[in-house]
1. What single numbered condition from (1) at pLDDT 95 or above; (2) basic (K, R); (3) over 17 Å from the mean Cα position of the chain (by Cα) fails to hold for K37?
2. Pairs needed: first member in the stretch 280-292, under 15 Å from P69 (Cα atoms) and touching a residue at least 40 places away in the same chain (Cβ under 8 Å); second member anywhere, outside any strand (DSSP E or B) and of a type in the set (A, V, I, L, M, F, W, C); C-beta distance under 8 Å; at least 6 residues apart or different chains.
3. What are the residues in the stretch 211-237 that are part of a helix (DSSP H, G or I), closer than 20 Å to L167 by Cα and hydrophobic (A, V, I, L, M, F, W, C), if any?
4. Would you please list the contacts, defined by Cβ atoms under 6 Å and residues six or more apart or on different chains, that run from a residue in the stretch 2-25 that is part of a helix (DSSP H, G or I) and at pLDDT 75 or above to a residue that is surrounded by 14 or more Cβ atoms within 10 Å (Cβ to Cβ) and charged (D, E, K, R)?
5. Name the single residue, out of those in the stretch 261-279 being assigned to a loop (DSSP other than H, G, I, E, B) and in contact with a Gly (Cβ under 9 Å, 6 or more places away or on another chain), that is farthest from T70 (Cα to Cα).
6. Quick one: which of V170, V183, V203 is within 28 Å of E277 (Cα to Cα), among the aliphatic types (A, V, I, L, M) and either assigned to a strand (DSSP E or B) or at pLDDT 95 or above (or both)?
7. Would it be correct to say that D163 is in contact (Cβ under 8 Å) with a residue 60 or more places away in the chain, assigned to a loop (DSSP other than H, G, I, E, B) and more than 25 Å from W49 (Cβ to Cβ)?
8. Could you pull out the residue among V245, V258, V266 that is within 21 Å of K172 (Cα to Cα) and not basic (K, R)?
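The values are calculated or read from the model by the stated rules, or taken from the named source; none is laboratory data. Every value quoted in this text rests on a predicted model; they were computed, and no experiment measured them. Positions of Cβ are backbone-derived with ideal geometry, glycine not excepted, and every protein chain shown enters the neighbour counts.
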Amino acid sequence: MPLPRKYTLANKFFTASRYPFRRLAGYPTLVNLEVTKKCNARCDFCDYWKTESEERLGDYAPVIAKLKPTVVMLTGGEPLLRRDLQAVIAGIKKQSPAVYLGLITHAAMLTPERGLALWDAGLDQLSISLDFLDERHDRARGIPGLAKKVKETIPLLVRAGIDNLALNTVIKSDNLDQIVAMVRQCEEWGIGIAFSAYADVKVGNKEHNIGDAQMKELQRVIGELLRLKREGAPILSSSYYLSRVPEFFATGRIGGCVAGDRFVTVTPSGHVKRCSEFDAEVHFSEWTPKSIGATDCDVCWFSCRGESQAPVISAERLKDTLFR
């Protein structure tokens, strides 16, 4: 079994140093690359699992070379449904070796062997979606035994030598009692955790919105997260992002979205759109830094949007991502 490859210190400094020059030229810092919209989960806040067929590229290296981002997150759908995912990762890394390459998966099909194969291909961060530590997560994702599978797999991945693991957790009405416990669990595992605020923009499901009755509890939880972060807990979300989560749930809106500028989404077919909730606007081969104009939208506080909107795209976030 090949040893996992670390993101070297030289790569970290090179990636961080080129960021301001790429930004001045108008290139996005973050590309969310949807390698598939197919999914074998059945989440009630997303409809990608209804995708029956799709056009997709076999090689996304030209896409990343064209858009010149600092960070690329491979998303879906469920990326592990692609049997050629290892080749996709290797192709991107061969073309753009300094790009920071992450993957988000629900992990139902993740094994230590496949994790190591993806890591050896060039992956720099492996993120697992987990919103509950118990069977509520199974029901939320429509996959029996998923929470147990994730909790069993993470220690195996850590022991295998994958040294940049993280949970991706959505803050919503039905898991506020889990948030701090999940941070403690990540401390025990020796991995990071990043948060994102729930929003009903994809399918209009308002069931998970946090309302007035839970606002004090939300504020308490966020206060605890900020305290834990100051004390060194492995919370990857920036203080800026976390501090505005209660504001979003209280008002339902935060202005100033930088989608299409500081971050974009690329579809499986290689088309660029400002974010996952908008239609595609241009094929990557025809994209320029001026292809997509300003975004007039304020109805989410997803982490990709909020962290990108932070002052100077959150120097804190960039530091936490690259130098943890």
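1. Failed condition: (3).
2. Short answer, once both residue conditions are applied: F284/V63; F284/L67; W287/L67; P289/A25.
3. At the first step, the residues of the stretch 211-237 found to be part of a helix (DSSP H, G or I) are 212-230.
Now restrict to residues that are closer than 20 Å to L167 by Cα: 218, 221-230.
Within the stretch 211-237, L218, V221, I222, L225, L226, L228 meet the criteria.
4. R22/K68
5. Top of the filtered list is F278.
6. It is V170.
7. Judged against the criteria, D163 is a match.
8. V245
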